[in-house]
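First comes the structure, then the notes that go with it.
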Amino acid sequence: MDGSESEHLNSTDEAGELQPRRCQQRKVGCQIMESPEGNMPGTLRPENISTRLQRIAKLARESPNMVFTTLAHHIDIELLQEAYRRTRKSVAAGVDGLTAKEYGENLHENLLQLLNRFKSGAYKAPPVKRVHIPKGNGTETRPIGVPTLEDKVLQRAVTMVLEAVYEQDFLDCSYGYRPSRSPHGALNATWEALMTINGGWVVEIDIQNFFGTLNHSQLRSFLDQRVRDGVIRRTIDKWLKAGVLENGQLSYPESGTPQGGVVSPAISNIYLHEVMDKWFADVVLPRLKGKAHMVRFADDILCIFSSEKDARRVLEVLPKRFERFGLTLHPEKTRLVQFTRPPKYGNPEGQPKNGSFDYLGLTHYWRRSRRGNWVVYRKTARTRLTRALRTANDWCRKHRHDPLVEQHRLLKLKLQGHYNYYGVTGNARALSGFYYWVRQIWYRWLNRRAQKRTLTWCRFQNYLERFPLPPPKVMHSAVRIRSAANP
């Protein structure tokens, strides 16, 4: 860039936009997905369902500007049956109180009636039952919507069709709630970006109550660019306008989409694809002097810059950018973190030390490897570890009178689930700490099954020999990936 372009970069419009010079193809950090079939969630049965969805994906990939006006005819009884198969049956019932077992007793007829109501426009989205689950350190809660089983089946079917279209548009920096993508893909992309540019400046972006403030009119305008099928669009509108039942009170929010609904993650990805992903790839990246990467998992967004000046300029325009689309950034949680590689012999006197940041439950920080090189390490975030131990303590307290065989079986599953997520390279100490404290918690509550505490530690060790708990294990390794953008 020359000097005149640098001056132009500093100007912003009233909405906080970086003034676009020209829209370029996707740059490093946000790449176009290459294969739609590779992103499909496995082989669908019957075979014609897979063929049908792949045909939609092929058409969407080959015609990126095409608007789909007829999609609802792809949703038939076979697709609803596949959607029912994919729907979790063990979750709580919705406002109608109907369980999966009761609905499945007359499944074919129920799905036929659902299909007829969907196609004729007679389907009415039932209110969503709202519950609250712990968030962060346990003092805050997150609202979760619980739709009815039938509503979830229809949402799943519509989502499968929407995914066939939008998976061809979504960028490679998006990882949340997409087929064949996981939080560990986002974590690995973050690690790779940090190591590639030797650290840098990290902008953590936190959207206040994203799922509760999502603007319906903006969402409709985004959908208009790709999907204008009347049946599907009317059904999505019904879901957006469906009431929320909380503590016996029915309300009708004018914005947002309830967390917990099957279609909500797809809607959120469509919304943030337009608000953040495309803007970062087409407007921000071409105007930066240094390298930059973005990683997004649903509404958890991380931007990594090699230049402090680039990071501060983007951070300055972010609030206005999100405000334009009805969203607000958290003033305290949205922050800039210096995360450059530490000097070889430590920080000079008077220079600020590098910070650390949490992303998707893991704290990222610099640490020397066994060879003496500076490497980005990850460990379980303190709030997540505290919450996991609190949950284990509550469970052991409530189930201390259950048979030891049953307690052991479920505790093994809980420990293994913890290792499956937090078992990343360099996190052995936190995993060992979790394993140690779970054993202490189990011993404590087994010793309180009666008024007299007769269970000695030696006797408990004998229990552990008979009912061993799985030891910590690293399940995910940090691997340097050479992409086409970083040969």
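For the chain, with every protein chain kept in place, what is the accessible area per residue (1.4 Å probe, Å²)?
Details: 24420 Å² over 487 residues.
The answer is 50 Å² per residue.
Magnitude of the Cβ-charge dipole of the chain, K/R +1 and D/E -1, about the Cα centre, nearest 20 debye? Walk me through the numbers before you get to the answer.
Values: 76 positive and 48 negative charges, 537 e Å.
Using Cβ point charges on Lys, Arg, Asp and Glu, the chain gives about 2580 debye.
In what sequence, largest accessible area first, do VAL153, VAL405 appear using a 1.4 Å probe? Intermediate values should be presented prior to the final figure.
On the way: VAL153 0, VAL405 95 Å².
Ranking VAL153, VAL405 by accessible area, largest first, yields VAL405, VAL153.
Length available on full extension from THR456 to ARG371: 0.36 nm per residue minus the Cα-Cα distance, which gives 26.2 nm. Note on segment 189-283: with charges restricted to the Cβ of Lys and Arg (+1) and Asp and Glu (-1), its dipole about the Cα centre is near 500 debye. Measuring nothing but how far apart in sequence close Cα pairs (under 8 Å, 6+ apart) lie, relative to its length, the chain scores a relative contact order of 18 percent. Ligands, DNA and RNA excluded, the heavy atoms of HIS476 present near 60 Å² of accessible surface to a 1.4 Å solvent probe.
When the listed pairs LYS124/LYS320; LYS124/LYS398; LYS278/LYS333; LYS124/LYS278 are checked against a 28 Å cut-off, the alpha-carbon distance exceeds it for LYS124/LYS320; LYS124/LYS398; LYS124/LYS278. Summarising the amide proton neighbourhood of HIS330: residues at separation of 5 or more, or on other chains, whose placed amide H is nearer than 5 Å comprise ASP206, ILE207, GLN208. Here is the P(r) of segment 269-375: all C-alpha pair distances, binned every 10 Å from 0, give 11, 40, 33, 13, 3 in whole percents. Across the accessible surface of the chain, with the other protein chains kept in place and a 1.4 Å probe, carbon and sulfur atoms take up 49 percent.
In a reduced charge model with +1 at each Lys and Arg Cβ and -1 at each Asp and Glu Cβ, segment 370-437 shows a dipole moment near 320 debye about its Cα centre.
Only protein heavy atoms count here; on that basis, with a 1.4 Å probe, SER369 has an accessible area of about 30 Å². For the chain, the fraction of alpha-carbon pairs lying more than 35 Å apart is 42 percent, rounded to a whole number. Candidates LEU223, ASN247, TRP201 compared by Cα position along the dipole of segment 188-267: farthest toward the positive end lies LEU223, with charges placed on Cβ.
The values are calculated or read from the model by the stated rules, or taken from the named source; none is laboratory data. Keep in mind the model is a prediction, meaning the values are calculated, not measured. Ideal geometry is used to build each Cβ from the backbone, glycine not excepted, and the neighbour counts take in all protein chains shown. Note: accessible area is taken over every heavy atom of the protein model, side chains too, but ligands, DNA and RNA are not part of it. Shrake-Rupley method; radii C 1.70, N 1.55, O 1.52, S 1.80 Å.
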